[in-house]
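Engineer: Structure provided below as structure tokens; questions to follow.
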Amino acid sequence: MRVGGRVRAAATVGLLLMALSGCSQEPAVPNIPQSLCWGAFRGEQVVPLLPTGDEAQLSTSGPDFDLVSVHSSRACRVFVDQKEGFLAWAEVRSTGKGTAWDHWSGTDPTTPIDVGDEGFLFRDGADAVMLCERPGLPRSSTLSAAMKYVSMAIVVEHAPNDEIVRTTAPALLRQYVQFVKQKLQCSTA
């Protein structure tokens, strides 16, 4: 009986310690897919930018990344507990470097970064524009021939801190620019 009592006591202490350690765990970022945004990013690259929460959802504006046949823009969003945490966005447009294409930063101060033809880092992310000529490749009849620039942005909401955005967003944007060049088969930029 004495041994059985010690076993029960040890089991009770073990359960109590497990319960207490479970309460002291830091909130975690929910699991997200290994591949995000049409394959442009790996989940592990985006996780550091996301807020903590219980549930993550991925939303894309279409199954394929296509800016030239039917749609002129695409968006990929990661929501954590129904709040947008990450956005990768791209749009074809008729203006490029040196024009007012960088609408994501609003009135926030920006820092020029070396990405695309022109890029900027702002408080909540980074954006860039590049020329994407596609001679001989099909395009929608509703898409003007002047629409040969692509504007792209990585926008982060509710990040754990501003520094993670400043250090991570430019690299993700550079990767996104390369992804867009490949998907759209850009001959220049």
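So that you can scan it fast, the table gives a plain yes or no per residue for (1) touching a Leu at 6+ places or on another chain (Cβ under 9 Å); (2) not in a helix (DSSP H, G or I):
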| position | (1), (2) |
| --- | --- |
| L121 | yes, yes |
| S141 | no, yes |
| I154 | yes, yes |
| A159 | yes, yes |
| E163 | no, no |
| A169 | yes, no |
| Q175 | no, no |
| Q178 | no, no |
| K183 | yes, no |
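Engineer: All but one of (1) at pLDDT below 85; (2) part of a helix (DSSP H, G or I) hold for K97; which doesn't?
Structural biologist: Of (1) at pLDDT below 85; (2) part of a helix (DSSP H, G or I), only one is false for K97: (2).
Engineer: Write out, first by first residue and then by second, each pair whose Cβ atoms fall under 6 Å of each other, whose residues are 6+ apart or on separate chains, and whose first residue, in the range 50-67, is polar (S, T, N, Q) while the second is at pLDDT 90 or above and open to solvent by less than 40 Å² (accessible area, probe 1.4 Å).
Structural biologist: T60/C76; S61/R74; S61/A75
Engineer: Does V129 satisfy being part of a loop (DSSP other than H, G, I, E, B) and modelled with pLDDT of 90 or more? Reasoning before the result, please.
Structural biologist: Values: part of a loop (DSSP other than H, G, I, E, B): no; modelled with pLDDT of 90 or more: yes.
Taking the combined requirement at face value, the residue does not satisfy it.
The values are calculated or read from the model by the stated rules, or taken from the named source; none is laboratory data. Keep in mind the model is a prediction, meaning the values are calculated, not measured. Because the Cβ atoms are built from the backbone with ideal geometry, glycine has one as well, and the counts that use them run over all protein chains shown. Each accessible area value is taken on the protein alone, full model and side chains, heavy atoms only, with ligands, DNA and RNA left out. Shrake-Rupley method; radii C 1.70, N 1.55, O 1.52, S 1.80 Å.
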